[in-house]
1. Report every pair of residues separated by at least 6 positions or lying on different chains whose Cβ atoms are under 7 Å apart, first residue within region 52-76 and among the acidic types (Asp, Glu), second at pLDDT 90 or above and assigned to a helix (DSSP H, G or I).
2. When residues of region 120-136 are filtered for being polar (S, T, N, Q) and modelled with pLDDT under 90, how many remain?
3. Out of the residues in region 93-146 meeting the condition of being of a type in the set (Lys, Arg) and part of a helix (DSSP H, G or I), tell me which one is surrounded by the fewest Cβ atoms within 10 Å (Cβ to Cβ).
4. Give all pairs with beta carbons closer than 8 Å in which a residue from region 103-119 that is in contact (Cβ under 8 Å) with a residue 24 or more places away in the chain meets a residue that is part of a helix (DSSP H, G or I) and aromatic (Phe, Trp, Tyr); count only pairs at least 6 apart in sequence or on separate chains.
5. Identify all residues within region 157-174 that are outside any loop (DSSP other than H, G, I, E, B) and either of a type in the set (Lys, Arg) or closer than 20 Å to PRO29 by Cβ (or both); write none if there are none.
6. Filter region 93-150 for residues that are under 17 Å from the mean Cα position of the chain (by Cα) and of a type in the set (Lys, Arg); which is nearest to ALA279 (Cα to Cα)?
7. Can you tell me which of (1) under 27 Å from LEU22 (Cβ atoms); (2) surrounded by 14 or more Cβ atoms within 10 Å (Cβ to Cβ) is the one PHE293 doesn't meet?
8. I need a count of the residues in region 70-92 that are at pLDDT 95 or above and within 17 Å of the chain's Cα centre (by Cα).
Amino acid sequence: MNTFKQYLYGILFCILIGIAALFLSSYIPIGAVAIAIILGIIIGNITNPGTIFNKGINFSEKHILSFAIALMGVNLNFLILKELGFKSILLIIVAMGITISSSIILAKIFKFDKKFALLIGIGNGICGSSAIAATEQIIGSKKEDVGLSVAIVNFLGTIGIFLLPFIATFILKFTDINSGMLIGNTLQAVGQVVASGFSISNNSGQTATIVKMTRILLLTPVIFILIFIFSNRNNSKGKGGNIKIPLFVIGFILFSLVPTFKLLPEEIIKVIGKLSHYALIVAMAGIGLKITFGSILKDGKSALLIGVLIFIIQIIFSGSVILIFF
């Protein structure tokens, strides 16, 4: 019973922060996940939670996070690929590769932590907070880097909600369909894509959503590529062993089969998706509680600069390819 209490206080603390984040997300357009991290950082640094909370906070940011990622697979439906032509799918794949690769190149140029930059690149390139959460344990990133990368990616996406329709319609003079492709292939979170795409027209919004969902599907191969790369690096450094697939990745893949093959009713799939979202918010609150202001001041400006440059590269590449080939 005493052991249970040691975990209970910290978990309840994270849940309360998560509830506050959900409430504030109705008024602040950066999403509950990012708000949970920001609240966690502020509360953690101001109140300095005692040791009675530590075990529960650690449990939230590790085990509840893994649980959330496993359930996250239920948001994937590989049948969405039928909605797009080969040319569009190729654009999405190449754009994602360039986005993630540019993060590594920029890290070398600015002598910035490569794993940190990679998190920002993955967040920008695939699906924001969810992609960062799903890959940070594989990459071996620090919790401070995870929290800051989520905050930066969501901040840029919020600006993009208003910036992308202006670029697509007034600068590039795109049709509604091509505007939707640009928005869906550059903005980070599904909510951002929906808000931005439908602000132009229904056709633009529907196209943007389909393109975005296709990008999310790429999270699965990216996870396996990262597992292969980082396992090989560990082997070359003598930390070796065979390639190990984390349990949450197996869960992620299995849950992705549910909507693809309609293994459960739609109502249950939606409930699982919401449960994943809420668990992710609680986990991010736990991560935020372990981040210090000192780490933000140390890396914040450089991380934001790299995030902005990655986002600009994304927009320029996708916009140019759509302008020339679509």
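The values are calculated or read from the model by the stated rules, or taken from the named source; none is laboratory data. Computed from a predicted model, the values in this text were never measured in an experiment. When we count neighbours, we look across all protein chains shown, and the Cβ atoms used for this are built from the backbone with ideal geometry, even at glycine.
1. GLU61/ALA283; GLU61/GLY286; GLU61/ILE287
2. 2
3. If we take residues in region 93-146 being of a type in the set (Lys, Arg) and part of a helix (DSSP H, G or I), then LYS108 is surrounded by the fewest Cβ atoms within 10 Å (Cβ to Cβ).
4. Final answer for the pair search is ALA107/PHE116.
5. GLY157, THR158, ILE159, GLY160, ILE161, PHE162, LEU163, LEU164, PRO165, PHE166, ILE167, ALA168
6. Taking the candidates together, the pick is LYS143.
7. Condition (2) is where PHE293 drops out.
8. The qualifying residues number 1.
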